[in-house]
1. Name, by its number, the condition in (1) touching a His at 6+ places or on another chain (Cβ under 9 Å); (2) exposed (fewer than 14 other Cβ atoms within 10 Å of the Cβ); (3) not acidic (Asp, Glu) that does not hold for Gln15.
2. In this structure, is Ala149 closer than 26 Å to Pro77 by Cβ, assigned by TED's automatic domain parsing to the domain that holds Gly90 and surrounded by 15 or more Cβ atoms within 10 Å (Cβ to Cβ)?
3. Quick one: would you say Ala206 is outside the structural domain of Thr105 (by TED's automatic domain parsing), among the hydrophobic types (A, V, I, L, M, F, W, C) and either exposed (fewer than 14 other Cβ atoms within 10 Å of the Cβ) or not in a loop (DSSP other than H, G, I, E, B) (or both)?
4. Could you please find all residues in the stretch 209-239 being under 21 Å from Asn148 (Cα atoms) and in a helix (DSSP H, G or I)?
5. Which of the residues belonging to the stretch 23-41 are crowded, with 19+ Cβ neighbours inside 10 Å and of a type outside the set (Gly, Ala, Ser)?
6. Surrounded by 21 or more Cβ atoms within 10 Å (Cβ to Cβ), over 28 Å from Ala103 (Cβ atoms) and either polar (S, T, N, Q) or out of contact with any Cys (no Cβ under 6 Å at 6 or more places or on another chain) (or both): is that true of Tyr44 in this structure?
7. Conditions first: (1) over 15 Å from Pro155 (Cα atoms); (2) in contact with a Ser or Thr (Cβ under 7 Å, 6 or more places away or on another chain). Glu74 passes all but one, so which condition is the exception?
Amino acid sequence: MGKALVFDIVDSWSQPDDGLKYTDVAKAREFFASAWKGIDADGYVFPTRRMEACLGGLVRDRVTIYHHYRTQIEQNPVRERVAVVGYEGGDYLGEWHARIDRACTERGIRFVVNPQRYSDLDVVIMARGGEHGSFLARHFKSNVKLANAIGSGTPALAHYDEMSAHDTDPGDVLFFTDQPGSFERQLDRLVASRALRQEIHRGFLAAAPNFHIANISNQFEAFFVHVLERQRVRRAAGC
């Protein structure tokens with residue numbers, strides 16, 4: 001049709017099936033090289049710099065543009081005590097669901113999945129387990145969960161393998177590992193100190209403009225203009 005094509009590659013694999021098959025960088029490169037060969041886009045938008053660093057060499061013009069936080073999201077009030085811990089997303093927690101629920105129950109905290117409002121949470125969790133805790137999911141998913149935490153100023157606990165969180169952490173995310181007691185210790189830090197939660201809240205809100213939809217859409221538009229200009233130059237050169 002003579003139109004420029006830009007491919008936004010976020011979540012461009014079968015989940016969890018492909019995640020169970022392609023378990024390292026080499027296998028991921030082989031898989032995506034084959035998948036993208038048939039697309040042959042003029043530009044590619046990566047959801048994180050981690051994914052672009054691993055796979056960017058497979059394509060021509062490319063850019064990393066992060067996910068925006070939910071429009072009209074409400075700011076977290078940072079209440080006196082931690083009463084509700086939550087997770088937003090599909091049923092991807094695997095073994096972490098029971099562990100988080102147990103830790104919260106022992107501390108008199110309610111654990112909820114998919115709350116109606118982010119601002120109802122005192123702490124938000126980011127983790128993957130079971131068949132959804134794959135190399136592809138942990139390395140190549142977007143930052144949308146953390147973007148919503150940042151936009152609302154909700155303190156976040158993220159599993160260390162959530163690479164999108166490393167990409168977009170302004171320095172205020174508390175990370176935990178698979179080691180026994182790691183999650184519980186980080187949760188206890190937030191439970192014990194409202195001052196820490198307020199500090200995280202302020203840090204997130206200071207970073208929030210970077211993930212506002214207006215800023216993200218401006219980045220998309222700039223990349224579209226770049227791709228169109230490259231297409232014009234190639235046509236003028238007879239390519």
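The values are calculated or read from the model by the stated rules, or taken from the named source; none is laboratory data. Note that this is a predicted model, so its numbers are computed, not measured. Every residue, glycine as well, gets a Cβ built from its backbone with ideal geometry; the counts of neighbours run over all protein chains shown.
1. Tallying (1) touching a His at 6+ places or on another chain (Cβ under 9 Å); (2) exposed (fewer than 14 other Cβ atoms within 10 Å of the Cβ); (3) not acidic (Asp, Glu), Gln15 fails exactly one: (2).
2. Judged against the criteria, Ala149 is a match.
3. no
4. Within the stretch 209-239, Pro209, Asn210, Phe211, Ile213, Ala214, Asn215, Ile216, Ser217, Asn218, Gln219, Phe220 meet the criteria.
5. Phe32
6. For Tyr44, the condition - surrounded by 21 or more Cβ atoms within 10 Å (Cβ to Cβ), over 28 Å from Ala103 (Cβ atoms) and either polar (S, T, N, Q) or out of contact with any Cys (no Cβ under 6 Å at 6 or more places or on another chain) (or both) - is met.
7. Checking Glu74 against (1) over 15 Å from Pro155 (Cα atoms); (2) in contact with a Ser or Thr (Cβ under 7 Å, 6 or more places away or on another chain), the one that fails is (1).
Residues are listed down the side, and each one gets a yes or a no for (1) among the acidic types (Asp, Glu); (2) under 25 Å from Arg202 (Cβ atoms); (3) without any contact (Cβ under 8 Å) to a residue 12 or more places away in the chain:
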residue	(1), (2), (3)
His139	no, no, no
Lys145	no, yes, no
Ala156	no, yes, no
His159	no, yes, no
Asp167	yes, yes, no
Gly171	no, yes, no
Phe175	no, yes, no
